[in-house]
Amino acid sequence: MLLVLVPGSTHAQIVVVGDATRTYSTAFVERLQALLPSVTTRTAESYQAYRSQNVTPPPKLFIALGAEALRDVLVTSRSTTPGQSVSTATPVLSLLTTQDQYATIVKTVKVASSLGAVSALYGDPDPAIQLRLIQATFRRPVSVGVWATSDTAPTVTKLQTLAAALDITLVVENVALDGDRVAIAEVARATSAHIEVDAWLALPDAAIFNASNLKTILLVTYARSQPVFGFTATMVTAGAAASAWVPPAMLANDVAEMYRAIARGAEIANPRYSSHFDVVVNESVLRSLSLPVAQTLKQMRRAP
Amino acid sequence: MIKRFEQTALVLALCSAASVTNATATMDPLFDTATDLVITPTRLRQSVAELPAAVTVVTALTIADLGLRSLPEALRLVPGMDVTQVDGNDYRVNYHGGNILIPRRLNVMIDGISVYRPGLSRVNWSAIPVLMSDIERIEVTRGPASAAYGPNSMTAVVNVITKSARATGGSTQISVQFGSSNERNVSLQHSNIADNGLAYRVSMQREITNGYDAIPALKVGHDGQTINRGTLGLDFTPNARDSLGFQVLVADGTKQVETIDSRQTSFPDVRFTDVYGAVNWRRDWNDSLETKVRATVLNQDQSQGWSTCVPMGLFAPELGALWRINPQLATALVTGATPKPSSAAEVAALTATARAIGALGARATQNLCGTTGIELTERRVDIEAQATVVVSAQLRGVVGIGYRRDSGRSDSLSGGKDVAANAARAFFNAEYRPIDNVTLNLGLYVDRDGKSGSEFLPRVGANWAVTPTQTLRASWAVGARRPDLQEQQGNWSYRLINATPAYPGIAQPQYYQTGVAQGGLLPERNERLEVGYHGNWVPGHAVVDVVVFREQQRDLVSEKLAINTFSPTNKGSLTTSGIEATLDFKPTEKLSVSVGGALVHARSETALELTQTVPLSGFLRTTYVLSDDLRISAVAYASNASSPGLRSFGRQDLSLRYKASAFRKVTFTGTLSHLDNVVTGAYQDVGRASTSRFTQSVRGIIGLEVAL
């Protein structure tokens, strides 16, 4: 059950800003409450909604759910409202935001002096783990293709370093944006240009991976026996081969650990990927592609 | 026929992943759009390890790396496939040998459209209506597969899957090639996906080859060909459940032919236009039920004309009548031997013939010159509906019905009359997994036509995964080929057009020899039993496939079909047994190696069925990726021949593909080949073999591809 904002509470508090009504978010908050029973976990749709309630004492931690909420917290907190009591040391933890989104936001939005340090547990799967999943799937030297736009350039750079270390051949195909989307014709062209790759790694980029493009991408690559390693469980449901992902309970576990450290007076940890993750596997797709490794991949999960 | 249940077949799911994911999908933190199951259980293909047959896949990458320029050349990478290029435009392809004169026991399909000719049971190998660069992959099912691929899938099935319009997206490519013997090739390919979801792909090619430098009777080869190919594919998905496809394939051109008639005064070149069309509708009713309806039509027009000069007496109608009563009498009369009639009718016919030839006087031996030839139109209309059903996580299947009408018309081969055969069919394939590591496959194909009766063609297979990466399989399958329109209903004759001088009273005199089919032929049958092993060795570094087989072909129509010996029977038979193996090895990301081969023992009481016997054949290929821009491949093929006239074959190719760094959209290609034997030989007739030869053992081709 979610708590609503209650002005005048004296307990230690965590304020969760963003849309907490989605299934994932609800499950996360409930689990966090269970892990931190002595801490009041409050939710607010926006930073403005939180502020208008004049909550005291100041929370120990702001959690921003998603890129929009992170931007909201960082931008809105810069304006001062008489009567607000915002601790100058309240750190902000970004969740459900990809590494690239997070980097872009903290780079472009000036963090208000009223806030403490800003950190993140990235919402996308760790590229290193994704590459290891692919490696474990093929169990041989492998060539991996990546569709890239300017939005995912930092992750692609990181992938290139990781791939070199893992002896994986990484093929980066830059696709051109048409407005804020990549046309499916362009994605198909890029895919068709690399029949030599063993698999494709999907990076979280809504310009490429959206509802209108996903079907064609999955069908085309499947027909070519090139499994796609997705970045979410939904993609695996739809037909991607596998993906690492962080279930809400695991995410809550990591956040609870961070909170306890903050409560003990430590600085908020640096931005990073969640230390725990699960692996979701589409056994049917892997099996049909003569890749009977579902159990091996599932065993790569890292549970608390 | 819609391809089903094989490599790319549409089968069902073992839906464990789906069950995991439905719960997680609604909890997705990053992809919040509702997403349908795309790779539905009905779309899932069977893994190689679970197939009830030995399958070889030649991918687009292999075709590009090795610079393969024709479908028969790609089939040299299939263990047990015997490929003989008799002349520049005439490939003879048989699986496990057989009759080299008219190989016709393989079914060849392009995106579900059979290019097996209805009238003459042949495949126009050198003019397959698809560009090699349009091919996504070639799947070859080695063994009978009627239950999965329909009629005439008797010894093996070559299933060509082309790149879909949706798969290639927005791209345009122009390529040119120049090679030895003045080989030239230019092509244009373009595809795109419109905003309304309509995807289209169009390809055009003009290919000119000059064939061998010398063929049997000529010092200069007259065995080249000029082919224009055009393909159009449309793909439209009006909603999430339906998809519509439309495809047109066209091949048009000229094949040079050296000789067909010992008295010819011009080359009997063949002019042909083959047009194939297909419309298909696919609907996903839900994750467990998918239906497909496909209609295909083909029209093949062939025209082969030549000038000839023949003694006027051989056009006497009375001589033709005598031939029809007793060919030996007519032959004796023509060759100057003493005819020996044995009935009053024969005596009467002989007398009438002698009187007619006598009336011609000296003109009987004077040459009558004119043009003759073979005009032939072959047509097929085929419609098929099928449903893919997922019954449970253990059982899935495909069931369908179809109707086919083969028809043809030829002045010279069918007496100017329309001939046709109609056949209705039903089929099913089921995959059942009683326990996790055992897969049972059961298929049955039933069809019936009015000429050769009913056929029941089963396929049964069991695959046991001894470990997750090593599988043993055993299967038994029966395939058949229905006698074609010519064998069953042929009426073979030649008329002389524009005869000079004119034959008295006849505008278009008919040559005395004719051939009329007696009908009643049974389908040829092939029964195959195989035991196979498929395994991943050195976790993932090597994939091994071994199969031991025994095949019994019976009721074979083995006779050489010629106008003077047109008497097809079902007396032929062939038994083959042996072993085939392939190993694909990838020790590093940059290096891949494949080796494959076949050891085949063939036995037959029918000499013609041993005319393409290749006891031992194989290939070794490797590709090395020197850089992102440069790939180098080498392949060696070898086969030893043990048939009369057939020569052993050996060739080594070195190919490269180089993407120019400065011009990322430009790719240079090249292939250098060495032939162990510049002469290709093949059985032609009793005591006679054809021998085609290149003058040099080293040949090459270079090309340029530009992506716009």
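Bear in mind these aren't lab numbers, they're just calculated from the coordinates by the rules spelled out. For clarity, every value in this text was computed on a predicted model and none was experimentally measured. All Cβ positions, glycine included, derive from the backbone under ideal geometry; neighbour counts span all protein chains shown.
Values for this structure:
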{"read-out": "Highest to lowest packing among B:447-453, B:228-234, scored as the average C-beta count within 10 Å", "value": "B:228-234, B:447-453"}
{"read-out": "Sorted by Cβ neighbour density within 10 Å, fewest at the top, the residues B:Thr209, A:Thr104, B:Thr168", "value": "A:Thr104, B:Thr209, B:Thr168"}
{"read-out": "Average other protein chain Cβ within 10 Å of Cβ, residues A:92-99", "value": "1"}
{"read-out": "Structure-based [θ]222 nm, chain B - -39500 (n - 2.57) summed over DSSP H runs of at least 4, per residue, nearest 500", "value": "-2500 deg cm²/dmol"}
{"read-out": "Average beta-carbon neighbours from other chains, 10 Å sphere, peptide A:183-194", "value": "6"}
{"read-out": "Calculated Rg and Dmax of chain B using C-alpha coordinates, Å", "value": "27.2, 100"}
{"read-out": "Burial ordering of A:Met235, B:Met109, fewest other beta-carbon atoms within 10 Å first", "value": "B:Met109, A:Met235"}
{"read-out": "28 Å Cα-Cα reach of B:Lys451 towards lysines, excluding residues that sit fewer than 8 places from it in its own chain", "value": "B:Lys3, B:Lys417, B:Lys560, B:Lys571"}
{"read-out": "Sum of -39500 (n - 2.57) over DSSP H runs of 4+, divided by residues of chain A (222 nm, nearest 500)", "value": "-11500 deg cm²/dmol"}
{"read-out": "Shielding by other protein chains, A:168-177, mean Cβ within 10 Å", "value": "1"}
{"read-out": "The protein assembly as shown, Cα convex hull volume normalised per residue, Å³", "value": "160"}
{"read-out": "Which of B:Val58, A:Val109 has the fewest Cβ neighbours within 10 Å, and the rest in rising order", "value": "A:Val109, B:Val58"}
{"read-out": "Radius, Kirkwood style, for region B:337-425 when every pair of distinct Cα atoms is counted (Å)", "value": "19.3"}
{"read-out": "For region B:75-178, diffusion coefficient by Stokes-Einstein and Kirkwood Rh (Cα), 37 °C, 0.692 mPa s, µm²/s", "value": "222"}
{"read-out": "Alpha-carbon spread of region B:278-432, three principal axes, descending order, Å", "value": "82, 35, 20"}
